[in-house]
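The values are calculated or read from the model by the stated rules, or taken from the named source; none is laboratory data. Please read these numbers as outputs of a predicted model, since none were measured by experiment. Don't worry about glycine lacking a Cβ; one is built from the backbone with ideal geometry, like all the others, and counts go over all protein chains shown.
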Amino acid sequence: MALSDLTPEDKKVYQYLKANDFVEEAWSTSKAARALKMKEDDVYVSLCNLAEYMRGNIHIHYRDGSIRVGAN
C-alpha cells in the first residue's frame, strides 16, 4: 500500500511519526491526539492501520516500560 492509499487520518499520524523521534522519546497517544486534534481512539486505529499497511515503514516495540514507534 502506498501513502496515497491511506486515509487522511492515517496520513496525519504517519507524518507526525516521521517528524518526531518516538524511539528515544516514549510514545504517548494522548499527546499525539492533542497535537493532531484527533480522538485517542482514532489515533489508535490509524496506528493499527499503519502497522498493517505500511509494515515496512513502521517499527513498534517496547523498551524501558514504554512503547517506542519509528517511521521512515
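Numbers below:
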{"item": "Enumeration of residues in the range 19-72 that are among the aromatic types (F, W, Y) and either touching a residue at least 60 places away in the same chain (Cβ under 8 Å) or more than 18 Å from S4 (Cα to Cα) (or both)", "result": "F22, W27, Y44, Y62"}
{"item": "Test: residue in the range 30-41 that is surrounded by fewer than 15 Cβ atoms within 10 Å (Cβ to Cβ) and polar (S, T, N, Q)", "result": "yes"}
{"item": "Test: residue in the range 42-53 that is of a type in the set (A, V, I, L, M, F, W, C), surrounded by fewer than 16 Cβ atoms within 10 Å (Cβ to Cβ), modelled with pLDDT under 95 and more than 12 Å from the chain's Cα centre (by Cα)", "result": "no"}
{"item": "The range 54-72 - residue that is surrounded by fewer than 15 Cβ atoms within 10 Å (Cβ to Cβ) and among the polar types (S, T, N, Q) and, of those, nearest to A19 (Cα to Cα)", "result": "N72"}
{"item": "Identity of the residue in the range 1-56, in a loop (DSSP other than H, G, I, E, B) and of a type in the set (S, T, Y), that ends up farthest from I67 (Cα to Cα)", "result": "T7"}
